[in-house]
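Trainee: Before we start, here is the structure in question, set down as structure tokens.
Laboratory data are not the source of any read-out in this text; all were calculated from the coordinates shown. Note that the coordinates shown come from a computational prediction; the quantities given were computed from them, not determined experimentally. Cβ sites come from the backbone with ideal geometry, for glycine too, and all protein chains shown count toward neighbours.
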Protein chains: 2
Amino acid sequence: MAKDKKKKPQRPKAQNPRGFRDYFGAEVTERNAMLSRITEVYHAYGFDPLESPAVETVEALGKFLPDVDRPNEGVFAWQDDEDWVALRYDLTAPLARVYAQYRNELPTPYRRYSVGPVWRNEKPGPGRFRQFYQCDADTVGTPTVAADAEICGMLSDALEAVGIECGDYVVRVNNRKVLNGVMEVAGILDLSEPERFTTERGIVLRAIDKLDRLGPDGVRALLGKGRKDESGDYTDGANLSDEQTDIIMNFMDARRDDGAATCVRLRELVSASEIGMTGVLELETIAELSEAQGYGSDRILIDPSVVRGLGYYTGPVFEAELTFEILDEKGRPRQFGSVAGGGRYDDLVKRFTGQEVPATGISIGVDRLLAALREKSFKNNSEAGPVLVTVMDRDRMVDYQTIVAELRNAGLRAEVYLGNPKNFGNQLKYADTRNAPVAVIQGSDERDRGVVQIKDLALGKALAANIQSNEEWKAQPAQFEVARAELVDAIKKMIERANG
Amino acid sequence: MAKDKKKKPQRPKAQNPRGFRDYFGAEVTERNAMLSRITEVYHAYGFDPLESPAVETVEALGKFLPDVDRPNEGVFAWQDDEDWVALRYDLTAPLARVYAQYRNELPTPYRRYSVGPVWRNEKPGPGRFRQFYQCDADTVGTPTVAADAEICGMLSDALEAVGIECGDYVVRVNNRKVLNGVMEVAGILDLSEPERFTTERGIVLRAIDKLDRLGPDGVRALLGKGRKDESGDYTDGANLSDEQTDIIMNFMDARRDDGAATCVRLRELVSASEIGMTGVLELETIAELSEAQGYGSDRILIDPSVVRGLGYYTGPVFEAELTFEILDEKGRPRQFGSVAGGGRYDDLVKRFTGQEVPATGISIGVDRLLAALREKSFKNNSEAGPVLVTVMDRDRMVDYQTIVAELRNAGLRAEVYLGNPKNFGNQLKYADTRNAPVAVIQGSDERDRGVVQIKDLALGKALAANIQSNEEWKAQPAQFEVARAELVDAIKKMIERANG
């Protein structure tokens, strides 16, 4: 007993771990609805679902190798007997492992899609979480740019399937080989090691990537001596000569309204580079295939300013941007920006097998796309709650459950109040928390007369918020009586009216 | 350079971590389809989705507390700065944390459902994985047994929604209070600590739980001196007297064909125990509510032999069993068994808040239920692959992509071959791997004549497997020609014929 007293129970804190959050109600159903529309498109294109586990060996994940003690650079890792394992940080590394593991059974090429959470061991910040969803589609095992064009068209279809209309987005396409070609022409590419990113090349690529934000002058500064930003922070430049800088700036200015014209201009700019010309040819094929299938440059646009990070990609790169404007936190209009990106990567499987396996794919930033959909259409439109059948007489639970079952059989979402029914006000408060459109009330008096009371809570709310005239109130009373037998029909009509 | 040579790259193994697996194609789509049918039922009952993160603090998960070094009893845990965190091992512990954290904003009672993977740090075995899905529904914040009855009815609806017919399953219901009452009558319950599980009570509960497998004689042996099983292993008994054993055996024999009759018998058996009589009253209410809503004892059955583990539950307990027979690995028929279980637990939230919060819920074993559905209906019925448009002329990719787009717009799943088209045999092999029902072929000759070749691969396979007569072959040739304009219609008809 003395021992028990010493262990005075300390209560655990009811709190998520830092950087993790919970999703409730419509947050879950809206995301699932969006993801199923996207995966229906993927599926129609012949892509097969793949669900790999959350946990991979650190060895298979690569990039993050165990140090002396424990690997924790960017991943959540722990030791499982001998092996270090970790939560996956994206869906591409597991795909490479899966393809290497099952390559003899999988079709070649292998088209697959994956949807699920990934984890990053990063410092959490406002709106930045350590677990988030990705939705990927990749084609593994073919070098043809028809695969890249297919991915771009599919991405366009997926965005339109979730409700982003043509004109509100654009899939921008560039090619790493063209970027390399420009670097070669500018004399800053080591052709013996074209994949190696020198500091200089890194700065140039990052500068190109920032064209949208910094404008041409800002980029030019970064290509030259460097740049001081508004906060006074100084960013080192690539120290290119004026001639070199002009080559890069001309390149970024190469975008024309249609893909073919852009490619003509790119040919002029990189004609001295073999790798550059290969890249332009690939862009031409993508533009031609896209155009022929009805994806004009309002949907799929050849755009030389797309970079997509530093390493990893070896050919075409894609980025889907939403072009409609939203207000930022300071109330200023700005474009919504990127919601998906990807490209061709040919070395991921090689790590495992030694053989080069060409692959291309796309990853949708699920939370950003969902936020965009909310901006566009779901604003102030939280999910309707269930019809609430209140409990006037706790001994008549069977009657109330019967009403609920009838409503559900008619396709309506409905529930009976299961809290303490004593205080009727609490039942209506509960209906409010649940966002219930309708409450059903039947006391013993109503039961004896074979009727029920129906309370139009949505209307009641609207009236309370904005009572315009007594006329209106009378024309559409917020509570009325119907015969028990007509209950389901009456509620169906009310909800249809409210939705229509 | 010398340094580079030393770091000779050692290739990582392409292998899942021990006890984890990948899911491909129909394994993913079938599970998702099943889960969405279940959650539609939950949603119609007014339950709201909740998605909590995979990671919880070890403190919030409870049960598994950090020892001196690291907690690894049953969970995957690691240290995140100061805190120990772990992958969730079920969906109930996170629900308790969420309810405690948001209790002021959530409705009371709070009905929620959750679907997702959970992780167990256990020794993997054949068919036993360390990541698997659960699908839970719980009602938190109400003591009324109407909530328990609702869960049972909803479980019945969910099973029927996924295709398990009435008669092929039964939801068995018991009550811990009745079990405690019988223990009290038998003199093996310490009323001052009714929640404490003595060794004796543990043995008795486990014995009751084994009635199905051991039969009455086996159970009687376990209640008495103990029991030697077929392999010679000896299990210690509870050492009850004959009189005590008779009380328990009578209890297990109390099940009648309908709930009311079972409750009458239970009343006789536990009349001397107050807690037992409370439990019987609760079972009567559940039986009455269920019966009134059309859930007869062929769907929801009061069954005194249901135990559901040792700790945790405080009132009604439920178990859904599939009653149809399957063949076990040795070819012997046996009942499929349990696919879901749950019950009332009143102490989980108390850990956080100090206040008792009554709750009840159910958890479906997703993988077992899916296996059952495959046994019943999906056997030998793997998902149909996409229509494959072959590539006869690699310069005409635009034409092939146009065909594919037409097929997709007509609602058919379709893809173009993206591998190396040189060897046509490889294209047909690919179609086979993809389980494609139809291949479309258009060489330059067909193009010039405005036609396409359609190859019925499903029929070709059937014919190859079972060529019955030349008549049949002629009546339905496996390859034929249609006008290009009639392509989509012709394929639609073929696929409809194959499915019908």
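Trainee: Taking the alpha-carbon centroid of each part, what is the distance from the stretch A:72-126 to the stretch B:202-264 in angstrom?
Mentor: A separation of 48 Å, based on Cα centres.
Trainee: Sort the following peptides by mean Cβ neighbour count (other Cβ atoms within 10 Å, averaged over residues), highest first: A:108-120, A:233-245. Kindly include the intermediate steps, with their values, before the conclusion.
Mentor: Numbers: A:108-120: 22.4, A:233-245: 15.1.
Highest to lowest by the protection proxy: A:108-120, A:233-245.
Trainee: Just rank B:R408, A:R265, fewest to most, by other beta-carbon atoms within 10 angstrom. Provide the component values of the computation, followed by the final result.
Mentor: On the way: B:R408 21, A:R265 18.
Placing the least packed residue first, the sequence is A:R265, B:R408.
Trainee: Take the cross-link list A:K177/B:K422; B:K376/B:K429; A:K123/B:K350; B:K210/B:K330; A:K422/A:K461 and give me the ones stretching past 28 Å between alpha-carbons.
Mentor: Values: A:K177/B:K422 26 Å; B:K376/B:K429 31 Å; A:K123/B:K350 32 Å; B:K210/B:K330 22 Å; A:K422/A:K461 24 Å.
Listed pairs above 28 Å: B:K376/B:K429; A:K123/B:K350.
Trainee: First check a/c for the stretch A:209-331, with a ≥ b ≥ c the square roots of the eigenvalues of its C-alpha gyration tensor; if it is under 1.5, answer rounded, and if not, answer prolate when a/b is larger than b/c or oblate otherwise.
Mentor: Details: a/c = 2.27, a/b = 1.28, b/c = 1.77.
Judged from the Cα gyration tensor, the stretch A:209-331 comes out oblate (a/c at least 1.5, b/c at or above a/b).
Trainee: If each DSSP helix of 4+ residues adds -39,500 (n - 2.57) and the sum is divided by the residues in the protein assembly as shown, what number results at 222 nm, nearest 500 deg cm²/dmol? Can you show the working numbers first?
Mentor: Numbers: 38 runs with 402 residues, N = 1000.
Rounded to the nearest 500, it is -12000 deg cm²/dmol.
Trainee: Residue by residue through the stretch A:44-54, what is 3J(HN,Hα) from phi via Karplus (6.51 cos²θ - 1.76 cosθ + 1.60, θ = phi - 60°)? Round to whole Hz and write x for glycine and proline.
Mentor: 5, 7, x, 6, 9, x, 9, 10, 8, x, 5
Trainee: To make sure I understand, if each residue's beta carbon is the centre and we count other beta carbons within 10 Å, what order do B:T198, B:T390, B:T360 fall in, fewest to most?
Mentor: Working: B:T198 14, B:T390 21, B:T360 31.
Starting with the residue having the fewest Cβ neighbours, the order is B:T198, B:T390, B:T360.
Trainee: Would you mind checking which residues have amide H under 5 Å from A:Y169's amide H? H placed 1.01 Å from N; only 5 or more apart, or other chain.
Mentor: Residues meeting the criterion, in which the H sits 1.01 Å from N, are A:T323.
Trainee: For B:P124, place a label point 7 Å from Cα along the Cα-to-Cβ direction in every copy; what are the distances to the other copies, in nm, shortest first?
Mentor: 3.0
Trainee: Considering only chain A, pick the residue with its Cβ nearest the axis of the rotation onto chain B, and state the distance in whole Å.
Mentor: Result for the A and B rotation: A:W78, 2.
Trainee: Mind listing the label-point distances from B:N426 to the same position on all other copies, shortest first, one decimal in nm, points 7 Å along Cα→Cβ?
Mentor: Counterpart label points of B:N426 in the remaining copies fall at 7.2 nm.
Trainee: Next question, about the same structure. Just order A:327-338, A:201-212, B:139-150 by mean Cβ neighbour count inside 10 Å, highest at the front, would you?
Mentor: B:139-150, A:201-212, A:327-338
Trainee: How far is A:R18 from the same spot in each other copy, in nm, shortest first, if each label point sits 7 Å from Cα toward Cβ?
Mentor: Spacings between copies for this position, smallest first, are 3.2 nm.
Trainee: Rounded to whole Hz and in sequence order, give me ³J(HN,Hα) for the stretch B:314-325 from the Karplus expression 6.51 cos²θ - 1.76 cosθ + 1.60, θ = phi - 60°, writing x for Gly and Pro.
Mentor: In residue order, the calculated couplings are 10, x, x, 10, 10, 8, 9, 10, 8, 9, 6, 8 Hz.
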